[in-house]
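**Q** This is the structure I want to talk about, given as structure tokens.
The values are calculated or read from the model by the stated rules, or taken from the named source; none is laboratory data. Only a predicted model underlies this, so the values are computations on that prediction, with no experimental measurement involved. When we count neighbours, we look across all protein chains shown, and the Cβ atoms used for this are built from the backbone with ideal geometry, even at glycine.
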Amino acid sequence: MESGNMTYRLLGKVDSPSDIKGFSIEELRELCAEIRHYMIECCSVNPGHLGSSLGAVELIIGMHYVYNAPADKLVFDVGHQAYTHKIITGRREAFRKNRMKDGISGFPKRSESPYDAFGAGHSSTSISAALGFAEASKLQGLGEKVVALIGDGSLTGGLALEGLNNAGAAKTDILVVLNDNNISIDRNIGALHEYLLDITTNPRYNRAKKQVWDRLGDGWFRKRVQKFVISAKSSLVRHSGGDLFESMGFRYFGPIDGNDIEQVVKTLKKLKEIEGPKLLHTLTTKGKGYAPAEENQTVWHAPGIFDPETGERIKSSKGESRYQDVFGTVLVELAKMNPKVVGITPAMASGCGMTMLAEAMPERFYDVGIEEEHAVTFSAGLAAGGMKPFCNIYSSFSHRAFDQIFHDVALQDLPVVLCLDRGGIVGQDGATHHGCYDMSIYRSIPGAVIAAPRNEIELKDMMYSGMEYPGGPYIIRYPRGYGEGVDWQNHEFCKIEEGKGEKMIDGEEIAVIAAGPVANRAAEAALKVKETTGKNPAIYNIRYIKPIDTELLTEICSKFSKIITVEDGTVIGGLYGAVSEFVSAQDKPLPVRAVAIPDRYLSQGTQQELKQECGLTTEELEGIFAKEFEKISKKD
């Protein structure tokens, strides 16, 4: 197989994991190098999550070499690290369209391949899911082996710890591979670790150990001996943390060099024969094998388009500001104005723009790790203690914290500003990441404020309004990517009253009520319809999904014959739901049509492609408005 200037001698022969079973260790090393080159080649023109996958090549090749998927279950956490898995499980050529519309998903997806045992777009799920697979196999007598591959970042999530606790207590036969790319191997004690690893994975040692434990029985004496052994092993071979896993019922092995294919294969073969809950600690380098990615791991997590030879990233030529940059800049301004303002984010600081606050006022910035639920309750505690927290979570990730938003913020009426970045259609990350459901989910919470700015100025003013708002939660949801290009930097802060919308364009017969930046597309479409038909709908920017502007809706119901709602959220329960509920209670209800994300899961694709599919572009809205006027004229 040839591609560009590269001949893939081994990769071209691999159409399934069975094709690598007869490879020698040297051939596996060569295959790993080819996969890295292929991954870099593909991702340079079709962006993806590169750094994590570069670091996990040997781990995944080793897992497929030793285990027999899909009969044995390999469960990935998040999926950022799973590109090697996709490439060697029959999707090598399809990987060129990774994350593209009508292409393959960027994450494991059960409907895509029998090798994708469990879907993974959000973190910390692998251990719980793997435990479920292992118990199902035991109950059905299938004899399947189950492996969960989890990163050190995902291990901070509460769900991962819950899974560990349950699996250890159940004594289920499961292997957790911890992909730790945060530290390097300590050369001074590396030989000792390898020696002790050989001992602890040796079949004779483990058979003898089992016989000893069986003879000791289940009484207090066995527990005392086990406690002593754990303590002794911890003092000899552990970095801090190994004893934690042992205390949760897991046999701890490692750490090993997760980028050494020989050591990975050798260790996995031995662990495959050991029953019960086991954790293998592996140390890897994020971005392994590509110097730019190794040197700047944060940027190269998902670098966008780049030159594979030089590593130069090819940036967008757009002059507009990204919403995350507006958020970050404004948060620093508000923090300077109000000493009680603090920023909290669960491992999304660079993505949401909160690194600006981290640099300007580090003492008022908190990155709590991949812990969405904790981030919200921590924010509630800060608010109860007299601070004004701005908690920024990506919209789709915020679903995990619904309970905390409801009980810990809303029910206690605490002034927490929740900024939901990446609301609406996100793009190539697909169904697991689209922020389609925030408006409908949080509209059910009594007392919540839900704001949807239509441009950078409104985001700035809503953040200011949220700071001034005495209760909580005050939720601001805004999209991923670039804004409208308005001059928000020179705009003076202005409070936007909760529950007050605005009329953008006057019109006739049809009233269009829109939320967020799609209000601008609706206004553009209305002007085009007027050019072609002489008629145009009135365009209203609702601003707040909750509380809804009842005065504005009352006016609309008295002046127009039809309402169209436009939103970049699900058609169920959001703006369309709020308007329909109000209108249905009127003496003469108007017909209401929704233009929204349909009640199904959107796949991956560019934002523009998916907005067009949902009717949310200027051109699509122009056609919808024109047809509605045509229907009205036919009735007349």
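**Q** Only one of Glu246, Glu262, Glu275, Glu294 is outside any loop (DSSP other than H, G, I, E, B), in the same structural domain as Thr84 (by TED's automatic domain parsing) and closer than 26 Å to Ala170 by Cα; which?
**A** Just one listed residue meets the conditions, Glu246.
**Q** Shifting gears a bit: Hey, any hits in the stretch 129-142 for a residue that's surrounded by 24 or more Cβ atoms within 10 Å (Cβ to Cβ), touching a Gly at 6+ places or on another chain (Cβ under 8 Å) and more than 24 Å from Lys269 (Cα to Cα)?
**A** The answer is no, given that none of the residues of the stretch 129-142 is surrounded by 24 or more Cβ atoms within 10 Å (Cβ to Cβ), touching a Gly at 6+ places or on another chain (Cβ under 8 Å) and more than 24 Å from Lys269 (Cα to Cα).
**Q** Which condition breaks for Gly483 when tested against (1) surrounded by 24 or more Cβ atoms within 10 Å (Cβ to Cβ); (2) free of Cβ contacts under 8 Å to residues at least 12 places away in the same chain?
**A** (2)
**Q** Tell me, yes or no, whether the stretch 45-63 has at least one residue that is modelled with pLDDT of 95 or more, surrounded by fewer than 24 Cβ atoms within 10 Å (Cβ to Cβ) and touching a Phe, Trp or Tyr at 6+ places or on another chain (Cβ under 8 Å).
**A** no
**Q** I need the full set of residues from the stretch 368-399 which are in contact with a helix residue (DSSP H, G or I) (Cβ under 6 Å, 6 or more places away or on another chain) and over 20 Å from Thr355 (Cα atoms), in order please.
**A** Across the stretch 368-399, the qualifying residues are Glu373, Thr377, Ala380.
**Q** While we're here: Within the bounds of the stretch 559-568, is there any residue that is under 18 Å from Gly516 (Cβ atoms) and out of contact with any strand residue (DSSP E or B) (no Cβ under 8 Å at 6 or more places or on another chain)?
**A** Checked against the condition, which is being under 18 Å from Gly516 (Cβ atoms) and out of contact with any strand residue (DSSP E or B) (no Cβ under 8 Å at 6 or more places or on another chain), the stretch 559-568 yields no hits at all.
**Q** Would you point out the residue of the stretch 489-524, among those that are of a type in the set (Asp, Glu) and within 24 Å of Ser465 (Cβ to Cβ), that is surrounded by the fewest Cβ atoms within 10 Å (Cβ to Cβ)?
**A** Glu492
**Q** Within the set of pairs 6+ apart or on separate chains, which have a first residue in the stretch 12-23 that is within 15 Å of Ser113 (Cα to Cα), a second that is in a loop (DSSP other than H, G, I, E, B) and at pLDDT 95 or above, and C-beta atoms under 7 Å apart?
**A** Qualifying pairs under 7 Å: Asp15/Gly90; Ser16/Thr89; Ser16/Gly90; Pro17/Ala69; Pro17/Thr89.
**Q** Would you mind finding the one in Asn182, Asn202, Asn188 that is more than 24 Å from Ser105 (Cα to Cα) and modelled with pLDDT of 65 or more?
**A** Asn182
**Q** Next question, about the same structure. What residue, of Asp421, Asp429, Asp438, Asp413, is of a type in the set (Asp, Glu), in contact with a Cys (Cβ under 9 Å, 6 or more places away or on another chain) and assigned by TED's automatic domain parsing to the domain that holds Pro473?
**A** Exactly one of Asp421, Asp429, Asp438, Asp413 is of a type in the set (Asp, Glu), in contact with a Cys (Cβ under 9 Å, 6 or more places away or on another chain) and assigned by TED's automatic domain parsing to the domain that holds Pro473, namely Asp421.
**Q** Further, regarding this structure: Restricting attention to the stretch 71-84, does a residue exist that is in the same structural domain as Thr285 (by TED's automatic domain parsing), buried (at least 23 other Cβ atoms within 10 Å of the Cβ), part of a helix (DSSP H, G or I) and not acidic (Asp, Glu)?
**A** yes
**Q** Here is a list: Gln604, Gln586. Which entry is polar (S, T, N, Q) and over 28 Å from Ala448 (Cα atoms)?
**A** On inspection, the qualifying residue turns out to be Gln604.
**Q** For the stretch 132-178, which positions are under 13 Å from Gly276 (Cα atoms) and among the aliphatic types (A, V, I, L, M)?
**A** Ala134, Val146, Val147, Leu164, Ala167, Ala169, Ala170, Ile174, Leu175, Val176
**Q** Anything in the stretch 278-291 that is among the small types (Gly, Ala, Ser) and either in a strand (DSSP E or B) or out of contact with any Gly (no Cβ under 6 Å at 6 or more places or on another chain) (or both)? List them, or say none.
**A** Gly289, Ala291, listed by residue number.
**Q** Is there a residue being over 19 Å from the mean Cα position of the chain (by Cα), under 26 Å from Gly141 (Cα atoms) and surrounded by 23 or more Cβ atoms within 10 Å (Cβ to Cβ) anywhere in the stretch 102-114?
**A** no
**Q** So, in the stretch 100-122, how many residues would count as being in contact with a His (Cβ under 9 Å, 6 or more places away or on another chain), of a type outside the set (A, V, I, L, M, F, W, C) and at pLDDT below 95?
**A** Of the residues in that region, 4 qualify.
**Q** Within the group Phe306, Phe397, which residue is farther than 30 Å from His37 by Cα and among the aromatic types (Phe, Trp, Tyr)?
**A** Phe397
**Q** So which residues in the stretch 374-397 are farther than 19 Å from Val342 by Cα and not aromatic (Phe, Trp, Tyr), if there are any at all?
**A** Ser395, Ser396
**Q** So, one more: Evaluate the stretch 134-152: report whether one residue or more is within 23 Å of Lys288 (Cα to Cα), among the hydroxyl-bearing types (Ser, Thr, Tyr) and either part of a helix (DSSP H, G or I) or modelled with pLDDT under 95 (or both).
**A** Within the stretch 134-152 (the criterion being within 23 Å of Lys288 (Cα to Cα), among the hydroxyl-bearing types (Ser, Thr, Tyr) and either part of a helix (DSSP H, G or I) or modelled with pLDDT under 95 (or both)), the answer is no, since none of the residues qualifies.
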